[in-house]
């Protein structure tokens, strides 16, 4: 028996106390065996036996049995330490799993069929958690409602991967913001120490090179922006831009949410111009979940400090004469004449480029397009951001009708580069294909695992 134990020890222990057992499974099993059977550990070092007390979690190997038994207090303290360590290691895992489960209130509102669907989705999520590179760390009832509306497993995997990336990016932004705040506080503490020592310390309530009241500076900026907008309204020389929101979906949708984000960017960019447009927003629904951020901008408590765009749920023909209205449509036969003599230009926020044609035909208004193809050969020009459309109109107004310079300064450079020469677009396409391949692999693994589980039952 002794000879067998010595041979076993030689396989798992090397000279000078360095363990050869790199298998975590073997380590766990041996440590449990050592703690459960005997409260003492014998290590084999330089082919000599040494007895170590069981107070340190280390590589555990039995070489021989010890006839002497430690005191009862040592035995109890060792078992207590092991039990506390084992129990505490399960707490984070249980808490992480609880964050992925729906709330009891949400479960109580479901019928039997919905509960079966929830059980199936929970089984899928448990498998996805082991396979995803970045699994979701938290699922709220809102996400569970969305998951229940998705029929296919592949679509649920895609949704959870996209949601996990979104949460991960938010966490990274929050960590970056926290790091910036901590760095600023450290700098202010350093300046405060200099100021208290009689040196030139700069910061709030210390020496200041400029006025650092951020609220006062923001108010002054809003007054400057409001004065520029007031100048545009009084002169009434620049044409009006109307943003039509009738084609934004009423339910939460990723593309509609991006359209609302572009609407917010158009408003903010228009404020920063020296000669802004007179913006109006028509067919706007304040209760639309996709437009919550825009509604927050339009309903700000500091609206009196600037001139915000007019927003209404009415139609454009209710505000302006239809003879003065031009719908900007990509597939229109007419080209916008310069200088911009027409009074109102309407931009329809929607997915399809043919939507403005139908909206203009329904209201009896004219349509026109920006002459992109007449001046440049553009690539990957299927959908142009609406912020770029407004920017081109602003540039062509400032240049007095120079479409060439307006298009060159108004849209991104990627539209001028062929697909094979655009390295960034090629890399993004490769990343997208790799992402789709990984999603399909995870989906197939989940489906196979659930089928195997059903067959075993």
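At a glance:
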| read-out | value |
| --- | --- |
| Sorted by Cβ neighbour density within 10 Å, fewest at the top, the residues 112, 257 | 112, 257 |
| Relative contact order [Cα under 8 Å, 6+ residues apart], segment 219-416, whole percent | 23 |
| D_trans [Stokes-Einstein, Kirkwood Rh over alpha-carbon pairs] for segment 345-418, 4 °C, 1.567 mPa s, µm² s⁻¹ | 97 |
| Alpha-carbon centroid distance for the pair segment 135-210 / segment 227-258, whole angstrom | 30 |
| Residue order, fewest to most surrounding Cβ atoms within 10 angstrom, among 141, 278 | 141, 278 |
| Paired Rg and Dmax values of segment 275-417, which use every Cα atom, in angstrom | 16.1, 46 |
| Nitroxide proxy distance, nm - points 7 Å out along Cα→Cβ at residue 193 and residue 427 | 4.1 |
| Segment 161-275, relative contact order [Cα under 8 Å, separation at least 6], % | 15 |
| Computed log₁₀ I(q)/I(0) - Debye formula, equal Cα scatterers, no solvent, segment 219-354, q 0.09, 0.13 Å⁻¹ | -0.28, -0.59 |
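Every read-out reported here was derived from the displayed coordinates using simple, explicitly stated rules and does not represent laboratory data. No experiment lies behind these values; they were computed from the predicted model shown. Cβ coordinates were reconstructed from backbone atoms using ideal geometry, including for glycine residues, and neighbour counts include every protein chain displayed.
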